[in-house]
Amino acid sequence: MMKFQGNHILSVSQFDREAIAKILQVSAQMAPYASRKKRCHVLDGAILSNLFFEPSTRTRVSFGTAFNLLGGFVRETVGQENSSLSKGESLFDTAQVISGYSDVIAMRHPQMHSVEQFAQGSSVPVINGGDGANEHPTQALLDLFTIQSEMMHFNKGLDDLNIVLMGDLKHGRTVHSLSKLLSLYDNVKVTMVAPKALQMPDSVISTLSDAGHEVILTETMAGNLSADVIYQTRIQQERFASKDEAELYRGHFSLNKSVYQKYCQENTVIMHPLPRDSRPEANELDTDLNDLDNLAIFRQAQNGVLVRMALFALTLGVEDQLTDYEKPVNWFTNKNA
Ligand code: NCD
C-alpha cells in the first residue's frame, strides 16, 4: 500500500486502485465535518501554505476551507506578481523558504511540471493544484469521488463505466488526470469529443488503450451515447498562442437541454470541473440544464472539500485520529436542515 504520510501528491500516476480506495474512503469520513454536524480539530496548529500562481476560485478556496475544517491555519499567496518569483527567484529557492514556514503546501502554477520542480526544494508535502496543461490530480480524485457517489444511485461502481469527455481535451488538465485514473478500473469506455486540434494527447489516450479500454475519438456526437457520465470542459483560452485561436473553437460544443436529450440517456450524469464559461459566445454548459437532478456540477465542487481534507489528513498522517479530535458545532447552521 502506497504511503501517504510525508509524501507529495504531484500526479495521479502515483496511485493504484488501493490507494485511491483509501483516499475515497477517508474523503467520505470527512462529510460530517464539512456539513458542520461536528467539528474536527486534528490539525490544530498546523500551517498550510496555499500558493496560487494562476487564477483559481474553487481549488484555492476549497484547499483553504479543507485545511480550516480540520483545525489548521492557512497562509495564502496569490499571483506571481505578488511573489518573489517575479524578482527572478527559482521555484527551488521559494520552496526551501516556504516549506520552512509550513507543514504542507498546495500549489498551482501555469508551467507544466513546475510543481514537481518546486517539490524538489520542499521539506514538506506538496500537493499539485494544477501545473499548466499537465495535471490536476486533486480535481481528478474529486471527480472520481463524484462519479462513485452519483453512480451509487444506479447501483453502479467505478467499473464498467461509459464516459464521454468533451471540449478542450488537449489543454484541459482535469481530463488528463481523470483519464489516467479511469484507466485503473475495469472495462471503461471513453468517448472523446473534441475538434481534431483539441483532441486528447496521445500519451493520455494510450494510458487507456494500453490498459485494454475502449477509446473513441470523434469530432461530433452521433447517435445515443448511452453514457453514464458526460464531462464537459471549457476552452482553455489561457493555453492558446492567441485569443483569436481560442475563438475558433469557442461555442462549438455547447451542451444544453436539447443536445442532452438527443444524445444522452435519462440518467446520464453531467459533470464539469468548472468554471463554466457562461459568456454567450462560449456557453459550453447551458443554464437551461440547471433544473436537472443529473447536473452534478455543484455537488462535484462541494466534493472537492472532502477530498482535499482527506489528502491533508493522509499526507500529515492523522487519518486514524479524526474521531479523537471532534467537537460540537456551537453556532446556528442550516447546512443540514
Ligand atoms: C479547472 C482547472 O483549473 O484546470 N478548474 C478547476 O480547478 N476546477 C478547469 C478550468 O479552468 O477550465
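Annotations for the structure displayed:
- Across all C-alpha atoms in segment 211-313, the radius of gyration and Dmax reach 15.5, 45 Å.
- Anisotropy class of segment 137-298 from Cα gyration tensor, a/c 1.5 cut: oblate
- Accessible area per residue for the chain, computed on protein heavy atoms with a 1.4 Å probe, is 44 Å².
- Annotation: for a label point projected 7 angstrom from Cα along Cα→Cβ of ASN68, residues of segment 280-311 with backbone N closer than 16 Å are 302, 304-306, 308-309.
- Crossing angle, helix 17-29 versus the chain [Cα axis fit, 0-90 degrees, rounded to tens]: 70 degrees
- When shorter helices are ignored and each DSSP H run of at least 4 residues is given -39500 (n - 2.57), the per-residue value for the chain at 222 nm works out to -9500 deg cm²/dmol.
- Within straight-line cross-link reach of LYS189, aspartates and glutamates at Cα separation under 20 Å, skipping those fewer than 8 residues along the same chain: ASP16, ASP143, GLU150, ASP159, ASP160, ASP168, ASP202, ASP210, GLU214, GLU219, ASP228, GLU266
- Solvent-accessible area assigned to carbon and sulfur over segment 156-254 amounts to 47 percent, based on a 1.4 Å probe.
- Relative contact order of the chain, pairs being alpha-carbon contacts under 8 Å that are 6 or more residues apart, as %: 22 percent
- Taking the C-alpha atoms only, the angle from helix 173-182 to the longest principal axis of the chain is near 90 degrees.
- Counted charge near ILE20, where neighbours are those whose Cβ lies closer than 12 Å (Asp, Glu -1; Lys, Arg +1): 0
- Taken over the C-alpha atoms, the chain has Rg and Dmax values of 19.7, 56 angstrom.
- Stretching the chain fully between GLN265 and GLU89 yields a gain of 58.1 nm (0.36 nm per residue, less the alpha carbon separation).
- The calculated FRET efficiency for ASN330 paired with SER209, based on their beta-carbon distance and R0 = 56 Å, is about 0.55.
The values are calculated or read from the model by the stated rules, or taken from the named source; none is laboratory data. Source: prediction; values computed, not measured. No Cβ is skipped: glycine too gets one built from the backbone with ideal geometry, and neighbour counts run over all protein chains shown. The accessibility values were calculated without ligands, DNA or RNA, using every heavy atom of the protein model including side chains. Shrake-Rupley method; radii C 1.70, N 1.55, O 1.52, S 1.80 Å.
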